[in-house]
1. Among residues belonging to segment 164-203 that are touching a residue at least 24 places away in the same chain (Cβ under 8 Å), under 24 Å from ASP153 (Cα atoms) and charged (D, E, K, R), point out the one that is nearest to the ligand (Cβ to nearest atom).
2. For segment 176-201, what are the residues that are within 22 Å of THR37 (Cα to Cα) and of a type in the set (A, V, I, L, M)?
3. Any chance segment 212-226 includes a residue that's under 27 Å from ILE98 (Cβ atoms) and crowded, with 16+ Cβ neighbours inside 10 Å?
4. I'd like to check which strands (runs of 3 or more DSSP E) are fully inside segment 18-93 and have at least 3 residues that are hydroxyl-bearing (Ser, Thr, Tyr).
5. Of all strands (runs of 3 or more DSSP E) completely enclosed by segment 95-157, which ones contain at least 1 residues that are of a type in the set (Val, Ile, Thr) and either within 14 Å of the ligand (Cβ to nearest atom) or touching a Pro at 6+ places or on another chain (Cβ under 6 Å) (or both)?
6. So which of ALA148, ALA102, ALA169 ends up being among the small types (Gly, Ala, Ser) and crowded, with 19+ Cβ neighbours inside 10 Å?
Amino acid sequence: MRTLLFPLLAASACSDVSGIENKKSYGPAVAMIDLFTTCYLVKTDVGPILIDACWRAEELRVRLSENGVKPEDVGTVLFTHGHQDHVAGLPLLPNARIAALADEQEVLTTNVKGDATIDEVLTDGQTLRFGSTEVRVYAVPGHTAGSAAFLIDGALLLGDNALVTAKGALGPVPKDRSADPDLNVRSMVALADRLKAEGREVKWLAPAHSGGIEAGAALQTFADANR
Ligand SMILES: [Zn+2]
């Protein structure tokens, strides 16, 4: 699949998508904006980790500085997926381990400058621990083959697996932006059902190309509307 340079630019600029707010916190996850893409910072007992690596290295440097973080202190980047606007800041982070699902290796190789070998191959359903911070890993294939979502202390980091609309609903990303849009939606429905079955409390939804929201019933409403 040919990788788009600006995968969700049009969607994010659209007025019916919830606006992104820099430095806004969704539980432990702090939004760091670069143009229309958000990556998230989580400060743990054992140092900062990132969910995705933003779009441009110099912009990422500024965003980290705003939050009192030095690039060399970032120990791990958990990748929701490997599109360019989510990985291009990676060269700024000399000590960051790449953590992603195995199925995302090809997309990462295409888009990361230099070595994009996954250091920590994640698996669906895995729990990672960074000090007292727990990260649950969920495979959500469709936007890309190895797309993931992460649940961290009640914040569900969604990457490009879904968007929040201006009306505060959860919606799918535009079909032409995903490798397999139908699978993307099926995966999101399955994720909603799974989180419910596991009894996981989801307090916030935090996508990469829209603002986030307090979760409320939005995830289940999305699932019920797309079965
Ligand atoms: Zn993407």
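Read-outs: derived from the displayed coordinates by stated rules, not from any lab. Small disclaimer: the values here were computed from a predicted structure and weren't measured. With ideal geometry, Cβ positions are generated from the backbone for all residues, glycine too; neighbour counts draw on all protein chains shown.
1. Out of the qualifying residues, it is ARG194.
2. ALA179, VAL185, MET188
3. In the first step, residues of segment 212-226 are kept if they are under 27 Å from ILE98 (Cβ atoms); the result is 212.
Next, from what is left, pick out any that are crowded, with 16+ Cβ neighbours inside 10 Å: 212.
Yes, some residue in segment 212-226 is under 27 Å from ILE98 (Cβ atoms) and crowded, with 16+ Cβ neighbours inside 10 Å.
4. Values: elements: 29-34, 37-44, 47-51, 76-78.
In segment 18-93, the matching strands (runs of 3 or more DSSP E) lie at 37-44.
5. Values: elements: 97-101, 120-122, 127-130, 133-139, 148-152.
Fully inside segment 95-157 and qualifying: 148-152.
6. On the way: ALA102 fails: crowded, with 19+ Cβ neighbours inside 10 Å; ALA169 fails: crowded, with 19+ Cβ neighbours inside 10 Å.
Being among the small types (Gly, Ala, Ser) and crowded, with 19+ Cβ neighbours inside 10 Å holds for just one of ALA148, ALA102, ALA169, which is ALA148.
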